[in-house]
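A short worksheet on the structure shown next.
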Amino acid sequence: MTFPPNLSKRWELEAQLYASIGTLDLLSRTYEQGELDPNIFHKQHRNLLTTIVAIRAKLEGYDFDLDHFIRSEEIEQLFPFGLEKLRRTEGTDDNARNRIDYTQIKKLPKVAAEFVASAIELLDLLRLEAIATVDRILPYLDELFAILTDARVYGPDHWVTQDINQWIKWMDRQKPGQLLKQDELQKLELQASRWLSDFRRELSNL
């Protein structure tokens, strides 16, 4: 039996999405149990997030319903940790303005996927207060800044670009192994959430 090319491609993408969510779930659970080195976790975690965003962008060209996919594949029951990460790549459910416009993300999938993945990775790191040191945080800030400036997503005077740059300069003045204080973590987490929300909105103008 043969299937229409479009249907076969959609099934292939859905299979990739399912596998990525499952792998992300296993990775997250293993890390939570302390059985995975943090450096290995963050590298694999970001790669999976980037892959998921890229797959979702491709699925936008088909008659794909994410909620139906989650229900039909029983994602919530099978991969609760993976689903949590998936929801974060999609944006907040209670504010449509913060959701990713996947019709726009297809225009520059690498840039968009990398920025979303890096921002989510940074937010996850900031919530792990025990390892949120300057030397772990700074590479994420550098990467976010480089993505925005190299791809010219924002102009140099845009508040997101300037804000990230200010945080980089502040981090450069701190000791590498220094843990951020609670108020510093909360402030940076709030700003990183704002950067991600603004980027989601700006996709429609890219």
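At-a-glance table
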{"item": "Residue in the range 1-10 that is β-branched (Val, Ile, Thr) and more than 19 Å from the chain's Cα centre (by Cα) present", "result": "yes"}
{"item": "Some residue of the range 90-100 being modelled with pLDDT of 85 or more, of a type outside the set (Ser, Thr, Tyr) and within 12 Å of the chain's Cα centre (by Cα)", "result": "no"}
{"item": "The range 157-180 - residue that is of a type in the set (Asp, Glu) and in a helix (DSSP H, G or I) and, of those, surrounded by the most Cβ atoms within 10 Å (Cβ to Cβ)", "result": "ASP163"}
{"item": "Residue match in the range 181-197 (condition: outside any helix (DSSP H, G or I), in the same structural domain as SER118 (by TED's automatic domain parsing) and without any contact (Cβ under 8 Å) to a residue 60 or more places away in the chain)", "result": "yes"}
{"item": "Index of the failed condition, ARG46 passing every other in (1) part of a helix (DSSP H, G or I); (2) surrounded by 13 or more Cβ atoms within 10 Å (Cβ to Cβ); (3) more than 12 Å from the chain's Cα centre (by Cα)", "result": "(3)"}
{"item": "The range 53-83, subset closer than 17 Å to ILE100 by Cβ and free of Cβ contacts under 8 Å to residues at least 40 places away in the same chain, residue nearest to the chain's Cα centre (by Cα)", "result": "LEU66"}
{"item": "Hey, PHE69 of a type in the set (Phe, Trp, Tyr), more than 15 Å from ASP198 (Cα to Cα) and modelled with pLDDT of 90 or more or not", "result": "yes"}
{"item": "Verdict on ARG136 being assigned to a helix (DSSP H, G or I), under 18 Å from ALA113 (Cα atoms) and of a type in the set (D, E, K, R)", "result": "no"}
{"item": "Options LEU108, LEU36, LEU78, LEU27: the member that is of a type outside the set (Ser, Thr, Tyr), crowded, with 17+ Cβ neighbours inside 10 Å and either at pLDDT 90 or above or within 27 Å of THR161 (Cα to Cα) (or both)", "result": "LEU27"}
{"item": "Single condition ASP183 does not satisfy, out of (1) under 17 Å from the mean Cα position of the chain (by Cα); (2) farther than 25 Å from GLU90 by Cα", "result": "(1)"}
{"item": "The range 113-144 - residue that is of a type outside the set (Val, Ile, Thr) and within 15 Å of SER28 (Cβ to Cβ) and, of those, farthest from the chain's Cα centre (by Cα)", "result": "LEU128"}
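The values are calculated or read from the model by the stated rules, or taken from the named source; none is laboratory data. Nothing here was measured: the structure is a model prediction, and the numbers come from that model. Ideal geometry is used to build each Cβ from the backbone, glycine not excepted, and the neighbour counts take in all protein chains shown.
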